[in-house]
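> After the C-alpha cells below, expect a handful of questions from me.
Just so it is clear, none of the values below were taken in a lab; they were calculated from the coordinates. All of these numbers come straight from a predicted model, not from anything done at the bench. Note that each Cβ is placed from the backbone with ideal geometry, even for glycine, and that neighbours are counted across all protein chains shown.
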Amino acid sequence: MTKVSSSTRGDRRFSRGANRRGETDWRLFLRLVPYALTKKRLLITAIILLVPVSILGAIQPLIIGQAVSLIRQEETWWFLENRSLSEGINILAIFLLLSIIIRLICSVFQKFLEENLGQQITAGIRNDLFDHITSLAVRFFDRTPVGKLITRITSDVEALGLVFSSGAIGILNDLFSMLVIAIFMFSLQWQLALILILMLFPVTGLIVYFQQQYRKANYTAREELSTLNSMLQENIAGINIVQLFRREQVNAEMFRAVNQRYVAEVDKTIFHDSAVSATLEWISLVAIAAVLWLGGWLILQDNLSFGVLSAFILYAQRLFNPLRQFADKFTMFQAGFTALERVSDIMHEPIEIRDPELAHSALISEQPRTNGKGEVTAHQGEIRFEHVWFAYKEDDYVLKDLDFTIRPGQKVALVGPTGAGKSSIIRLLCRLYEATKGRILVDGIDIRDLPQSELRRQMAVILQEGFLFAGDVKSNITLGEDYSIEQVKAAAEATNVAQFIEQLPQGYDTQLRERGTNLSGGQKQLLAFARAAIRNPQILVLDEATASLDVGTEALIQQALDHLLEKRTAIIIAHRLSTIRNVDRILVLKRGELVESGSHEQLLQQDGLYAALYKLQMLGS
C-alpha cells in the first residue's frame, strides 16, 4: 500500500480549479470545508447552539413589548390578563432574566467552539502548507523570497482560520437570527415587518459594492506586506554587508517607500470598511424612523398597540445589528479569501521531485543487482551519469551531455573555473533538481526510481558553509534521527572534532543560536563533519568542505577524512588543486562540458586546462 504524505493530502484539499484568481467566493470557501469536516463534532455542536441563541434573542423584544402593553393596560399574553401590574412585571422580568442568562451561556459556549474550530482549521492548513513548501524543489526557492513564504504561512493562514470560525459560523448565526426576527415580526404586524425587510435590499447592494472594492485593496495590501517582510528578512540576514558597505540609509529609504505603499493600500481597505459601517448606521436610523412613522399612524387608527410598536423598535435595532455584524464578518471574509488565493498559489505549486509509485524497496548498497540480461551490475556506491543535460532556465544548459562513471570506492575530484557546473552535478546527484535530459544511476538504479529518503540516507554532503539549527550540539549532529549519545561521541572522535565540542561550555548540550551565530565558521564546519560521519554514508560529497578551516584544524580533519573516505565513493570539489593530488581521478569541466579526465599526473602531461589551472595556482602561491 502506498503511503500518502500530508503534503499530498493538502494538495487534494486545494485541488479544485486552476484559475484561482477568477474563482467565486463560494468556490474559494469550499476549499476550506474539508478542513472543517475533520472536526465534525465541533462544527455540528457550534451550529446547533445557534438555534437557542437566535430564538432567545428574538423573544426578548417581545417580552419588553408585553411589559409596555401591561403598563398601558393593553392586550397582553393570556397568562398575564388577570394579574396585577407588579405581579405581571415580575413574571416578565423573570422571563427576561432567564432568557438573558440562558442566551449568555449558549453564546459563550458557542463562541468558544467556533474559535476552537477556527484554530483547528488554521493548524491544519498551516501543517499542510509547511509540508508542501518543504516538499518543493530547490528551484522554487531560487525564485521565491523567504519573506513572502513567511507571510503566507503566518498572517495569511491566520486569516483563513477566521473565515470559517468567526466568519462562516458567525454569518450563519446572523442569517438565522434575521430569519427568526423576520418570522416573529410578521407574526406581530405584517406592514411594519415588510418595511423593515424592504430596507434590507439597498443595504445588501451597498455592502456587496464596498466589499468588492475592499477585496481589491486588501489583495494589493497583502502583496505589499509580503514585499515588506521580504525586505526585512533580507536586511536582517545580510546585516553584515549592510553595515560594512554603509547601506543603512539607502536601505532605510527603500524600506520606507515600500512601507508607505503598504500604508496607502491599508488606508483604502479602512475607507471601504468604514463606508459599510456608516451606510448601515444611516439606513438603520432611517428604518427606525419609518417604523415610528407608520407605527404612530397605525396607533392613531387603533390598529396597533404601544407594546407592539416598542417591540418593533427593538426588532429594527436587532435586525440591523446582525446585518452590521454580517458586514464586519464579510470584511473578514474578503481578507480571508484574499489570503486563500495567495495560499492556493503556493499549494498549487507543483512538487517537481516526487518518489516513484513503485519504488525499489531494497537499500542502494544492500546487495548486488542484475540488469535485464541477468548480468550483475555494479554496487556499493557506483555513480553513473548517462548523457545528462541540465538547465536552470529553459534551453540555457549549464551541464551538457555529461557521460562518466565513478566506480565503487573511487575518489573523484571535480575541477573547473567558476560556473563550470561542479555544484550543479552535486545538486543533480542529490536530486535537489531533476536532470533535463539523460539519467543518473546509483548502483545501477535510476535515482528517479529510488525514494528520496533512501537515496539521501546513503549519501552525505558537506558544503562549504555548514548550516546549524537553533538547539544543542547533539541535536545538530543527529538532526532528529535516533542516535545515542555514545554514537554521537564516536562520530565526533572519528572526525577529530570531539576536543572542540568538549571545550564548549556545556559540551554536547551547549545551546546554539539560530544559524549557529555563537560559533565561528570553522567550528560550524567541524560539526558538519561529525554530522556526516555518524550516518556512515556509502557516498561522500565534499564541496570545498575544508575552505573555512585554519591550517592546524584542516590537518586534523584531513586525517579524519582519510579514515572516513576508506571504502567509500567520494566526490570532491576543491578550488585548491594541491589538495586533490591523491584522488583516483579528476574530472575537468568547462562551461558544463567534461573536457578532461585522468589522474593528477596524467592531466599535467596532457598540458590542457587542468595543467593551466594548476600552474596558475602554483605561480600565485
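> Hey, how many Å between the Cα centroid of the stretch 43-93 and the Cα centroid of the stretch 478-529?
If you average the Cα positions of each part, the centres end up 73 Å apart.
> Compute the separation of the alpha-carbon centres of the stretch 546-621 and the stretch 149-226 and state it in Å as a whole number.
67
> Rank these for me by crowding, LYS474, LYS567, going from fewest to most other beta carbons within 10 Å.
The order, fewest Cβ neighbours first, is LYS567, LYS474.
> A further question follows. Mind giving me the nanometre distance, one decimal, between the label points for LEU98 and ASP395, set 7 Å out from Cα along Cα→Cβ?
With each label placed 7 Å out from Cα toward Cβ, I get 8.2 nm.
> Separate question: Given PHE500, TYR483, GLY466, which one lies farthest toward the positive end of the charge dipole of the stretch 411-505, if we put +1 on the Cβ of every Lys and Arg and -1 on the Cβ of every Asp and Glu?
GLY466
> Counting Lys +1, Arg +1, Asp -1, Glu -1, what net charge surrounds ILE89 among other residues with beta carbon under 13 Å of its beta carbon?
+1
> Could you pull out the pairs from LYS489/LYS524; LYS148/LYS422; LYS567/LYS615; LYS400/LYS422 whose alpha carbons sit more than 22 Å apart here? Mind dumping the intermediate values first?
Numbers: LYS489/LYS524 16 Å; LYS148/LYS422 30 Å; LYS567/LYS615 31 Å; LYS400/LYS422 12 Å.
Beyond 22 Å between Cα atoms: LYS148/LYS422; LYS567/LYS615.
> Sort ARG246, ARG139, ARG342 by Cβ crowding within 10 Å, fewest neighbours at the top. Walk me through the intermediate numbers first.
Details: ARG246 8, ARG139 16, ARG342 22.
Arranged by neighbour count, lowest to highest, ARG246, ARG139, ARG342 become ARG246, ARG139, ARG342.
> In percent, how large is the relative contact order of the chain, given Cα pairs closer than 8 Å and 6 or more residues apart? Walk me through the numbers before you get to the answer.
Working: 867 pairs, mean separation 85.8, N = 621.
Relative contact order comes out at 14 percent.
> Quick check on the chain: of the DSSP beta bridges with both residues there, what percent are antiparallel, nearest 5%?
Here the share of antiparallel DSSP bridges comes out near 55 percent.
> If Rh is defined by the Kirkwood formula over all Cα pairs and Rg also comes from Cα, what ratio Rg/Rh do you get for the stretch 11-347? Working shown, then result.
Values: Rg = 25.8 Å, Rh = 23.2 Å.
Answer for the stretch 11-347: 1.11.
> Loop only per DSSP, at most 15 neighbouring Cβ atoms within 10 Å: give me the GluC sites (Glu not before Pro) in the stretch 458-500, ordered by residue number.
Sparse-neighbourhood loop GluC sites (Glu not before Pro): GLU465, GLU481.
> Would you pull out the residues with amide H under 5 Å of VAL398's amide H, same chain only if 5 or more places away, H placed 1.01 Å from N?
Distant-sequence amide H within range of VAL398: PHE390, ALA391, TYR392.
> Using helices alone, what [θ] at 222 nm do you get for the chain, with -39,500 (n - 2.57) per DSSP H run of 4 or more residues, divided over all residues and rounded to the nearest 500?
-19500 deg cm²/dmol
> Moving on to the next point. Rounding to the nearest 20 debye, state how big the charge dipole of the stretch 11-347 is about its Cα centre with +1 on each Lys and Arg Cβ and -1 on each Asp and Glu Cβ.
For this selection, approximately 980 debye.
> Give me the Debye-computed log₁₀ of I(q)/I(0) at q = 0.15, 0.16, 0.18 Å⁻¹ for the stretch 381-494, equal point scatterers on Cα only, no solvent, two decimals.
-0.81, -0.89, -1.03
> Could I ask something else about it? Return the loop-located chymotrypsin sites (Phe, Trp or Tyr not before Pro) in the stretch 51-89 (DSSP other than H, G, I, E, B) with at most 16 other Cβ atoms within 10 Å of their own Cβ; answer none if there are none.
Answer in residue order: TRP77.
> Highest first, please rank the peptides 190-203, 441-454 by the mean number of other Cβ atoms sitting within 10 Å of their residues.
Final packing ranking: 441-454, 190-203.
> Just to be sure I understand the model, the point goes 7 Å from the Cα along the line to the Cβ. What's the resulting LEU175 to HIS563 distance in nm?
Result for the modelled spin labels: 7.1 nm.
> Separate question: Restricting to Cα pairs below 8 Å that are 6+ residues apart, what does the relative contact order work out to for the stretch 11-347? Please round to a whole percent. Could you put the intermediate results ahead of the total?
Working: 339 pairs, mean separation 103.6, N = 337.
So the answer I get is 31 percent.
> Over the residues of the stretch 37-91, compute the C-alpha Rg and express it relative to 2.2 N^0.38 Å.
1.77
> Same structure, new question: Using only the Cα atoms of the stretch 495-621, what semi-axes does the equivalent ellipsoid have when each is the square root of 5 times a gyration tensor eigenvalue? Give whole Å, largest first.
Equivalent ellipsoid semi-axes, largest first: 33, 16, 13 Å.
> In vacuo Debye scattering of the stretch 192-310, one point per C-alpha: log10 I(q)/I(0) at q = 0.16, 0.18, 0.23 Å⁻¹?
Evaluating at q = 0.16, 0.18, 0.23 Å⁻¹ gives log10 I(q)/I(0) of -0.84, -0.93, -1.15.
> While we're on this one: May I have the convex hull volume per residue, in Å³, for the Cα set of the stretch 96-249?
Working: hull volume 29.3 nm³, N = 154.
Taking the convex hull of the Cα positions in the stretch 96-249, it is 190 Å³ per residue.
> Would you mind pulling out the separation of the Cα centroids of the stretch 393-457 and the stretch 27-42, in Å?
Each part reduced to its Cα centre gives a spacing of 43 Å.
> Once whole DSSP H runs in the chain are found, which of them have Cα atoms spread over 15 Å or more along the helix axis and a mean Kyte-Doolittle score of at least 1.0?
Counting only whole DSSP H runs, the qualifying helices are 50-71, 170-188.
> Out of these labelled values of log10 I(q)/I(0) by the Debye sum over Cα atoms at q = 0.08, 0.09, 0.11 Å⁻¹, [x] -0.78, -0.89, -1.15; [y] -0.68, -0.83, -1.11; [z] -0.55, -0.69, -1.02, which was calculated from the coordinates shown here?
So the calculated entry is the one marked [x].
> Calculate, for ARG41 and MET254, the FRET efficiency according to 1/(1 + (r/R0)^6) with r their C-beta to C-beta distance and R0 35 Å; round to the nearest 0.05. Walk me through the intermediate numbers first.
On the way: r = 50 Å, r/R0 = 1.44.
In this case the efficiency is close to 0.10.
> I would also like to ask the following. For SER54, SER284, which order do you get if you count the other beta carbons within 10 Å of each Cβ and list the fewest first?
By the 10 Å Cβ count, ascending, the order reads SER284, SER54.
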